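**Student:** Quick one: the structure is below, and I'll ask about it shortly.
The values are calculated or read from the model by the stated rules, or taken from the named source; none is laboratory data. Since the model is a prediction, treat every value here as computed from it, not as a measurement. In this analysis, Cβ positions are derived from the backbone assuming ideal geometry, glycine residues included, and neighbour counts consider all displayed protein chains.
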Amino acid sequence: MVKLFGAFLILISGSSIGWICGSIYLNRVRELKELQLALNILDTEISYGRTLLPEALKTTLDVLSPSLAKIFCDAADELNRSKNHHFFELWEDIIEYNSKKTYLRREVFEILINWGRQIGASTLDNQIKINKLTIKRLEQNEQIATDIAIRRVKPVRYAGILISLMVIILFY
Amino acid sequence: MSIKALNSVLEYLPLNISKIVRQQESGRNGEIIEIRLRVNQPLQLISFNDEQFILERGSPFIVTKDDLERAFMILSKNSLYAIERQLAEGYLTITGGHRVGFTGQAVIEGGILKTIKNINSLNYRITRELIGVAQKVIKKIYNLEYDLYYNTLIIAPPLCGKTSLLRDIIRLISDGDPKNQIKGKKVAVVDERSEIAGAYNGVAQNKIGSRTDLLDNCPKAEGIMLLIRSMSPEVIGVDEIGGDRDVEAIQEAVNSGVSLITTVHGRDLKTIVSRPSIKKLIDIRAFERYIVLSKRKGIGTIEKILDVNGKEVV
């Protein structure tokens, strides 16, 4: 009875680990989608509403999951607090601080850092171009992440189950 | 100048410069009316009686390109795209109605100034709220018999207190003047540059009276027409007229029976007549009172008040 219960526990744990590892790929795709939506909202705020950057950043929070929302929320709060700083100075620090709390890869943060270097610092036409270009680059990254997810999610999840079954066979 | 006014301007300066201005302010002869930043030049403070380049440890405090960029970034709140219209006009209005003028490299498209880039000079002009100055003129611009205000033009060169007087006249007309037994009237203000009311997010920061409706950040000509149609004002206050469209709107306002109080740049009646658009208004006797200001005895010195025929009002 105890053996059976132990085997069941190993199976559940192994499957869960496989499930979680597989979810990383799916969460990455989801976060990339959220970022694109957030930048689209921000672009609308900038181009139609001429909304100031701190308020524009806050309008994106509803469509972002907590870890990404924190980046945009911190940036807006810091902008309001530290009036003596350029946006890019604050943005880079906030990105670096929060990057490990998301599922995104380094190259996505490089895209966001580049975006931050130009946002708010030029005319409306330029801002729209910069936003469109950044959204395009995120879209490409999303495509790559989706391809990877299609290739890896199932094998990783199955691997979790198979490895746990292998452990059960070895032990018992 | 109140400390509050200076403090609100200092918030729009880089930290190193606001610190040094604050230090200088305490020991100065007279109020600071302008703070000037020019790339690679000493920081300059101008007061009514005096002007000086600021020293730091014995040598001039030189404003760097980074200082200027930082100052402009603070002014635009990291949102340059939001101030494109102002970029083409060469000035920004900040909280409290203070104006910041700037120069740099002009970008021309189709013969029109589209924007100014590579800003090389900033001039922070501190607005003064001179409450009570209108008391000296209110009786002379008021027609007791008909209980209405004369159409009035305030004439003065820059920095002589035109807008401050206009603001206080608006306040007094709106609130009424119990001393002279004048009741308050409905006033509408078109504040194209947010200088009269010093509005922030559309809400007046300066005292403009309890019967005053404010149309902030709106071109004068459109604003005057809109207010006449929608707010049934008895008096309209507007600053710095000059363009042909302004003149047309003023004619419309005068003909509709609304009293108009406005200002124009100039030394006296003779000099403004040389401006064709203003001459047109004078020729049709649109204004019944002219208030000429100077800074001979301090900002807002009333030199004379003239009637429609150019004779001094006693």
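Table: residues versus (1) closer than 30 Å to A:Glu55 by Cα; (2) without any contact (Cβ under 8 Å) to a residue 12 or more places away in the chain; (3) part of a loop (DSSP other than H, G, I, E, B).
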| position | (1), (2), (3) |
| --- | --- |
| B:Val190 | yes, no, no |
| B:Glu195 | yes, no, yes |
| B:Asp213 | yes, no, no |
| B:Cys218 | yes, no, yes |
| B:Ile250 | no, no, no |
| B:Ala253 | no, no, no |
| B:Ile272 | no, no, no |
| B:Ile278 | no, no, no |
| B:Leu281 | no, no, no |
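**Student:** For residues that are touching a Cys at 6+ places or on another chain (Cβ under 8 Å) and crowded, with 18+ Cβ neighbours inside 10 Å, scanning just the stretch A:30-67, find the one that is farthest from the other protein chains (Cβ to nearest Cβ).
**Tutor:** A:Lys58
**Student:** Another question, if that's okay. It is to be established whether one or more residues within the stretch B:103-116 are at pLDDT 85 or above, within 21 Å of the chain's Cα centre (by Cα) and not acidic (Asp, Glu).
**Tutor:** Checked against the condition, which is being at pLDDT 85 or above, within 21 Å of the chain's Cα centre (by Cα) and not acidic (Asp, Glu), the stretch B:103-116 yields at least one hit.
**Student:** For the stretch A:68-90, what are the residues that are of a type outside the set (D, E, K, R) and surrounded by fewer than 17 Cβ atoms within 10 Å (Cβ to Cβ)?
**Tutor:** Once the filter is applied, which keeps residues that are of a type outside the set (D, E, K, R) and surrounded by fewer than 17 Cβ atoms within 10 Å (Cβ to Cβ), the stretch A:68-90 yields A:Asn80, A:Ser82, A:Asn84.
**Student:** Only one of (1) surrounded by fewer than 14 Cβ atoms within 10 Å (Cβ to Cβ); (2) under 30 Å from A:Gly49 (Cα atoms); (3) touching a residue at least 24 places away in the same chain (Cβ under 8 Å) fails for A:Gln127. Which number is that?
**Tutor:** Failed condition: (1).
**Student:** Restricting to the stretch B:294-314, and then to whatever is in a loop (DSSP other than H, G, I, E, B) and in contact with a strand residue (DSSP E or B) (Cβ under 7 Å, 6 or more places away or on another chain), can you tell me which residue is farthest from B:Cys160 (Cα to Cα)?
**Tutor:** It comes out as B:Val313.
**Student:** How many residues does the stretch B:44-61 hold that are more than 19 Å from B:Leu159 (Cβ to Cβ) and surrounded by 17 or more Cβ atoms within 10 Å (Cβ to Cβ)?
**Tutor:** Selection size over the stretch B:44-61: 2.
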